[in-house]
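Below is one structure, written out as structure tokens, with a few remarks after it.
What follows is calculated from the coordinates using simple rules that are stated; it is not laboratory data. Quick caveat, the model's predicted, so the values are computed rather than measured. Here the Cβ is made from the backbone with ideal geometry for all residues, glycine too, and neighbour counts use every protein chain on show.
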Amino acid sequence: MTRVLLAGESWTTVTFEVKGRNVLVDADYGTAEEHLVAALEVNGAAVDFLTCEETLTSFPGTREELDSYDLVLLSDVGADSLQLTPAVTAGDTDTDRCRLLAEYVRDGGALGMIGGYMSFAGKGGAARYGRTPIADVLPVEIRDGDDRVETPAGAIPMNRGVPADLPETWPAVLGYNHLQAKDDADVWATVGDRADPFVVVGEAGAGRTFAFATDCAPHWAPMELLEWDGLPVLWGALLDWATKET
């Protein structure tokens, strides 16, 4: 059975309501892993899920912990949550978990990054992966600054050679991270009129990595995509490819 670690896909929303001199504060918490986990599990994967908050303290900090997984997925969780551990913010040294992930890949592990406001460069550049060792092993170049492309009218992904039985066009997405495929990478799918890279795979050392440019939940991924019967097929192809030995 393929063991997958999924990190990210959680948020807390805080709202302030001002009534004259009184301020009411409310908070709401949510996660959005269910569609992705279902697509992975239907392909035989066993998924361990860490929220963004859990990633801060519980993401693997040793090779022994990482090596128990066949594939690590980062989805909408910024590099700060991997690098700025409680020890580091207290002024002590700690494992650079971005560097550890890169070493894990080069030694035969598999890593995938899924799009979102805190993926790749992210909103305002805040995800910051382009300035980490993870950038060296991903199959795409990460831009500086804000890399979001918002497509409220919908942008159609196009199949460019996914090794699976999938149609040429897929359900529209409402946004994605703007990426550039590295020269030695393979582009499995593009998106929009500019044919931006949408699904990209590549090798790094003895391992494999991939980039999935849109989110695995709304708003970028509408329900038409999340409930599309081709989505588990696509994730099955990515699982098979990523976990094969190079």
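Taking the chain as a Gaussian network, where each spring joins two C-alpha atoms under 10 Å apart, which residue of Arg194, Arg148, Arg208 fluctuates the most?
Arg194
With charges set only on the Cβ (+1 for Lys and Arg, -1 for Asp and Glu), what does the dipole of segment 157-246 come to about its Cα centre, in debye to the nearest 20?
On the way: 5 positive and 14 negative charges, 38 e Å.
About 180 debye.
Quick one: Glu9, Glu34, fewest Cβ neighbours within 10 Å first, how do they rank?
Values: Glu9 28, Glu34 13.
Placing the least packed residue first, the sequence is Glu34, Glu9.
Counting Lys and Arg as +1 and Asp and Glu as -1, each charge on the Cβ, what is the dipole of the chain about the Cα centre in debye, to the nearest 20? Intermediate values should be presented prior to the final figure.
Working: 17 positive and 41 negative charges, 109 e Å.
In debye, rounded to 20, the chain gives about 520.
Cut-off is 10 Å between beta-carbons; in what order do Phe49, Phe59 appear when sorted fewest neighbours first?
Working: Phe49 19, Phe59 22.
Neighbour counts put them in this order, fewest first: Phe49, Phe59.
Choose one answer from Gly207, Gly30, Gly192: the residue with the largest mean-square fluctuation in a GNM of the chain with alpha-carbon springs under 10 Å.
Highest fluctuation among the options: Gly30.
With the calculation restricted to Cα positions, what are the radius of gyration and Dmax of segment 130-174 in angstrom?
14.5, 37
Taking neighbour Cβ counts within 10 Å as the exposure measure, how do Met118, Met1 sort from fewest upward? Could the numbers behind the result be given before it?
Values: Met118 24, Met1 7.
So the residues, fewest neighbours to most, are Met1, Met118.
In the chain, what % of DSSP beta bridges are antiparallel (nearest 5)? Intermediate values should be presented prior to the final figure.
Details: 31 of 51 bridges.
Of all bridge pairs located within the chain, approximately 60 percent are antiparallel.
Ratio of Rg to Rh for the chain, alpha carbon only, Kirkwood?
On the way: Rg = 17.9 Å, Rh = 18.4 Å.
For the chain, the value is 0.98.
Per residue of the chain, what 222 nm ellipticity follows from adding -39500 (n - 2.57) for every DSSP H run with n ≥ 4, rounded to the nearest 500? Intermediate values should be presented prior to the final figure.
Working: 9 runs with 57 residues, N = 246.
Theoretical 222 nm ellipticity from helices: -5500 deg cm²/dmol.
Mind giving me the FRET efficiency for Met1 and Val23? R0 is 45 Å, r the Cβ-Cβ distance, nearest 0.05 is fine. Display every interim value, and only then the final one.
On the way: r = 51 Å, r/R0 = 1.12.
Efficiency at R0 = 45 Å is approximately 0.35.
Give the whole-number value, in cubic angstrom per residue, of the convex hull volume spanned by the C-alpha atoms of segment 1-120. Working shown, then result.
On the way: hull volume 14.6 nm³, N = 120.
It comes to 122 Å³ per residue, whole-number rounded.
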